[in-house]
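Novice: Sharing a structure, written as structure tokens. Questions coming.
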Amino acid sequence: MGNTCTKARSEDGKTISDPGQLGANSDINSDENELMLKTTSNYEDTVDDHGQANPNRNADENIEENELTSMLKCMHHRIDQLIDVKELMHREMMKGLSKDTHNTADVKMYPTYVRATPDGTESGDFLALDIGGTNLRVLYVHISDKVVKQIAETRHEIKDLKKVTGIQLFDYVAERLAEFMEKNGLKEKTLPLGFTFSFPYVQKGLTSATLTAWSKDFEVSGVEGEDVYVLLQEAIKRRGDISVNVLAVINDTTGTLMSCAFEHHDCVAGLILGTGTNACYIEKLENVDIWDGDTLPPQQIIINTEWGAFGDRDADGNGGVLEHLITEYDDEINRSTVNDGKHIFEKMTSGMYLGEIVRLILVKLTKAGVIFNGNITDDLETKWIFKTKYISYIEEDTSVNNEACKSIFKKFGLEIKDEDCEKVKTVCSAVSSRAAKLLSAGIAAIVCQVGRKEVICGVDGSLYKYHPNIKTIMAETTKLLAPFMTVQYVESSDGSGRGAAIVAAVAQRLKK
């Protein structure tokens, strides 16, 4: 079980007895350490410079603020803890790249078989198919003269397909693809297609992707252990009315890197922060011990880290490398999901889960009488009802009357006061800030492995794009954790859709 508040660790993984002790590799001064502790102005308003309740508040307010600060302490990680996460991530990355330790690594570091990035000579018409945690998309894209032009797109929600059979899922995908091609006058053509499949899989080639395990609460039967490229082709064949040339199967992180690299040729990393999270980067072939392909130029390959599984518990439920950071709220999230103990890092950082973490904290605060005058409703106690998008709405609301916050909680049958809104905002910012800082530790590990002084990381995903503070927090935290490198986060334009078409275009170029 996780603890309400976290334990610090030293570099060897042992618990640090002195909570204020910094890790051996930390050269961050006390001011910067304090910066990492304080998340937003909301948090600073509730405590004085020593972390105590603000003496300017009355006694009742201070009691409530002490309770609030105590409950949120586990969400505020010191710089030495973040350095520890960076080093643990890097260690798991190295285990994933090695033949000897790959099977026991949390971070699997799968080779994607994408070896080359765009060089600007790509051209032609392409289809892109994108299956993610929320939507199925089909795109028609034209590439020429170093420009990617999207001609058409359709989007379909797939939340009702999370528990169907594999045949049902891929027949649905093929049906939507056929409708799209007919609508856009493409049914008589055989166009190259890039297929984005944003779930963990292992590849044996650019057109091979065997699903290792579902994530994002999917439980589609008959797909785990199967090649999704083959399943797609079989579904298309069953229809018999369309023809496509699938040139590549990728995940959304690879597409994000490639989409960014189309305009920023020095881009070497990709990050997804949306419903789920994952990262990839360009690695030298000489460092990829698990690589079983050729070593012809370019002697590099994009590595799909699958870092969502970082910190996973073993088959017996024994704690993983992030156990010292897991809170009671994370434990409750785990128990509420179909993959208990798995995808720990993703559950602490991504959009599918942050809203529920906030709800769990709010319920505990309400029952303790800290907010909402202790009044709780059935709606607020309903699992998964508090969406992550509400966090963004609440944190970006600068209105005098806290209109966004009050409107959201009115849906849950609660009429709340301004002081409640400020506390809710503090909870939201603590949860989102923790996610941003943990993700920054992961990126710092990748940046250190890349070894360049300047690194461009393409980023895609709704949480990164629409949350008002995550971009700033990640930029500041990455700078602290990788102080000798310059990391530039660049929003990538539709990595899962546009990026898939670009990968197909590069594959077509290399075939000529």
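Please treat every number below as a calculation from the coordinates, not as lab data. Quick caveat, the model's predicted, so the values are computed rather than measured. When we count neighbours, we look across all protein chains shown, and the Cβ atoms used for this are built from the backbone with ideal geometry, even at glycine.
Novice: Would you mind ranking 359, 498 by Cβ crowding within 10 Å, fewest neighbours first?
Specialist: Least crowded to most crowded, the residues run 359, 498.
Novice: Let's see if you can work this out: charge +1 on each Lys and Arg Cβ, -1 on each Asp and Glu Cβ, no other charges. What is the dipole magnitude of the range 241-316 about its Cα centre, in debye to the nearest 20?
Specialist: For this selection, approximately 220 debye.
Novice: Assuming R0 = 25 Å, can you tell me the calculated FRET efficiency for the pair residue 263 and residue 154, based on Cβ-Cβ distance, to the nearest 0.05?
Specialist: The computed FRET efficiency comes out at 0.50.
Novice: Put +1 on the Cβ of every Lys and Arg and -1 on every Asp and Glu Cβ in the chain; which of 290, 152, 259 then has its Cα farthest towards the positive end of the dipole?
Specialist: 152
Novice: Calculate one ³J(HN,Hα) per residue across the range 444-461 by plugging θ = phi - 60° into the Karplus curve 6.51 cos²θ - 1.76 cosθ + 1.60, and present them in order as whole Hz with x for glycine and proline.
Specialist: Per-residue couplings from phi come out as 4, 5, 5, 4, 5, 5, 4, x, 8, 6, 10, 10, 9, 10, x, 10, 9, x Hz.
Novice: Let me ask another. What is the range 204-276 by shape, rounded, prolate or oblate, if you read a ≥ b ≥ c off the alpha carbon gyration tensor as root eigenvalues and call it rounded for a/c under 1.5, prolate for a/b larger than b/c, and oblate otherwise?
Specialist: Note, shape of the range 204-276 comes out oblate.
Novice: Taking 0.36 nm per residue of sequence separation and subtracting the Cα-Cα distance, how much length would be gained by fully extending the chain between residue 66 and residue 221, in nm to one decimal?
Specialist: 51.0 nm
Novice: Continuing with the same structure: Out of 132, 165, 380, whose Cα points farthest toward the positive end of the dipole of the chain (charges: +1 Lys, Arg; -1 Asp, Glu; placed on Cβ)?
Specialist: 165
Novice: Less than 18 Å apart at the alpha-carbon level, and either on another chain or at least 8 residues along: which lysines does that give for residue 471?
Specialist: Leaving aside lysines fewer than 8 places away in the same chain, those within reach of residue 471 are 38, 389, 425, 437, 479.
Novice: Under 5 Å between amide H atoms, partner at least 5 residues away or on a different chain: which partners does residue 245 have, H built in plane at 1.01 Å?
Specialist: Residues meeting the amide H criterion: 191, 193.
Novice: Read phi for every residue in the range 107-121 and hand back ³J(HN,Hα) as whole Hz from Karplus 6.51 cos²θ - 1.76 cosθ + 1.60, θ = phi - 60°, with x for Gly and Pro.
Specialist: 9, 6, 6, 6, x, 8, 6, 8, 9, 10, 9, x, 10, x, 9
Novice: Could you pull out every residue, at least 5 positions away or on a different chain, whose amide H is within less than 5 Å of the one on residue 196? Hs are placed 1.01 Å off N in the peptide plane, and Pro or chain starts have none.
Specialist: 129, 130, 131, 250
Novice: Now for a different question. Which distance in nm do the two modelled labels at residue 453 and residue 295 give, with both placed 7 Å along the Cα-to-Cβ direction?
Specialist: Roughly 3.0 nm, to one decimal.
Novice: Next question, about the same structure. With charges only on Cβ, +1 for K and R and -1 for D and E, what is the dipole size of the range 112-184 about its Cα centre, in debye, rounded to 20?
Specialist: For this selection, approximately 280 debye.
Novice: Let me ask another. Going by average Cβ neighbours within 10 Å, how do the peptides 131-144, 202-215, 372-385 rank, with the highest at the top?
Specialist: Final packing ranking: 131-144, 202-215, 372-385.
Novice: Against the longest alpha carbon principal axis of the chain, how many degrees, from 0 to 90 and to the nearest 10, is the axis of helix 79-97 turned?
Specialist: Roughly 20 degrees, rounded to the nearest 10.
Novice: Then there is this: Can you tell me what share of the DSSP beta bridges in the chain is antiparallel? A percent to the nearest 5 is fine.
Specialist: Of those bridges, close to 60 percent are antiparallel.
Novice: PRE reach from residue 286 (point 7 Å along Cα→Cβ): which of the range 433-459 fall under 19 Å by backbone N?
Specialist: 448-453
Novice: A further question follows. Once the other residues with Cβ under 14 Å from the Cβ of residue 123 are scored (Lys, Arg +1; Asp, Glu -1), what is the net sum?
Specialist: +1
Novice: In what sequence do 271, 177 fall when counting other Cβ within 10 Å, fewest first?
Specialist: Result, fewest neighbours first: 177, 271.
Novice: Between residue 399 and residue 119, what is the spin-label point distance in nm, taking each point 7 Å from the Cα along the Cα→C-beta axis?
Specialist: Using points 7 Å along Cα→Cβ, the separation is 5.5 nm.
Novice: Can you list residues from other chains, or at least 5 along the same chain, whose modelled amide H is less than 5 Å from the amide H of residue 492?
Specialist: Here 459, 460 satisfy the definition.
Novice: Provide the per-residue ³J(HN,Hα) series for the range 489-499, in order, calculated from phi with Karplus coefficients 6.51, -1.76, 1.60 and θ = phi - 60°, each as a whole number of Hz, with x at glycine and proline positions.
Specialist: My calculation for the range 489-499 gives 8, 10, 5, 8, 7, 6, x, 6, x, 4, x Hz in order.
Novice: Over the chain, what relative contact order in percent results from Cα pairs under 8 Å that are six or more residues apart?
Specialist: Relative contact order, the chain: 20 percent.
Novice: Could you give the dipole magnitude of the chain about its Cα centre, charging the beta-carbon of Lys and Arg +1 and that of Asp and Glu -1, in debye to the nearest 20?
Specialist: About 1440 debye.
Novice: Also, quick follow-up: Order of 159-166, 454-461 by packing, highest average Cβ count within 10 Å first?
Specialist: So the order, starting with the most tightly packed, is 454-461, 159-166.
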